[in-house]
Amino acid sequence: MQVVEPVINTSVFLQPNIYLTLYEKMNVNKENEMDERKGAFSSRGKALTVYGKELAVGDTAPRFTVSKSLLENVDSKDILKNKVTILSTVPSLDTGICDMQTRKFNEEASKLGENVQVVTISMDLPTAQARWCGAAGLDNAIVLSDYKEADFGKAFGCLVIEMRVLQRGAFVIDVDGVIQYAEYMSDISMQPNYDAVIKVAKSLL
């Protein structure tokens with residue numbers, strides 16, 4: 001599915017000096033091209049580089065740490081515990097498609113019962129995520145931030161280096177921590193296959 005592309009000013013992210021600073025901050029080796037997927041994601045016609053290996057069905061979900069608040073981190077072993085998890089990644093909640101994606105997954109998953117959870121991860125600050133959840137009426141939604149170390153983005157192969165955002169995607173992870181569905185969107189304007197994600201999650205109950 002493709003809709004009108006959100007307007008995000010990427011010029012500040014694409015300055016060379018900032019590009020190198022982000023590499024250093026993310027603790028990745030900018031010389032190791034094996035870890036880069038050049039052109040794997042695009043925004044407004046510009047090809048961008050994604051760091052990390054694409055995951056596939058059958059892979060064990062990598063371990064990662066993200067932030068619940070500015071001062072509190074959470075480990076994936078606690079996030080993915082004992083539930084089928086729809087893991088939704090978005091560039092920024094403050095854009096139309098990301099807003100739509102987060103609402104849609106939470107709405108559809110709520111029909112599947114307590115054994116399914118939706119976890120949304122973005123690079124937005126935890127304070128911005130909390131503000132968005134309140135405005136969207138999704139106070140109970142699980143929304144986590146990868147803003148500190150980009151640990152999730154590197155582990156799941158969805159860290160867009162030039163913009164330091166997460167590539168849009170969707171994963172379904174079973175109770176044993178195995179990926180049963182993986183989808184990476186190649187353009188910022190594209191949305192996940194909601195029906196396919198929900199179908200796989202439902203089949204795991």
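What follows draws every value from the coordinates through simple rules; no lab data is involved. Bear in mind that the values here come from a model prediction, so they are computed numbers and not experimental data. Here the Cβ is made from the backbone with ideal geometry for all residues, glycine too, and neighbour counts use every protein chain on show.
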Nearby lysines by direct alpha-carbon distance to Lys83 (threshold 21 angstrom, same-chain neighbours under 8 apart not counted): Lys68, Lys104, Lys111, Lys199, Lys202
Per-peptide average of other Cβ atoms within 10 Å, ordering 153-160, 175-182 highest first: 153-160, 175-182
Between Lys68 and Glu107, how many nm apart are label points set 7 Å from Cα along the C-beta direction? 2.8
So, counting K/R as plus one and D/E as minus one, what does the shell of residues with Cβ under 14 Å around Gln117 add up to? -1
For Lys83, net neighbour charge (Lys/Arg +1, Asp/Glu -1) across residues whose Cβ lies under 12 Å away: -3
The range 16-203: antiparallel bridges as % of DSSP beta bridges, rounded to 5, reads 70
Specify which residue in the list Thr60, Asn106, Ile173 is farthest towards the positive end of the charge dipole of the range 16-203, using unit charges on the beta carbon of Lys, Arg (+1) and Asp, Glu (-1), about the Cα centre. Asn106
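For Asp187 and Asp139, what is the calculated FRET efficiency with R₀ set at 45 Å and r taken between the beta-carbons, to the nearest 0.05?
Numbers: r = 31 Å, r/R0 = 0.69.
Once the sixth-power term is evaluated, E becomes 0.90.
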Please give every one of the lysines within straight-line cross-link reach of Lys46, meaning a C-alpha to C-alpha distance under 17 Å, and leave out same-chain neighbours fewer than 8 residues apart. Lys38
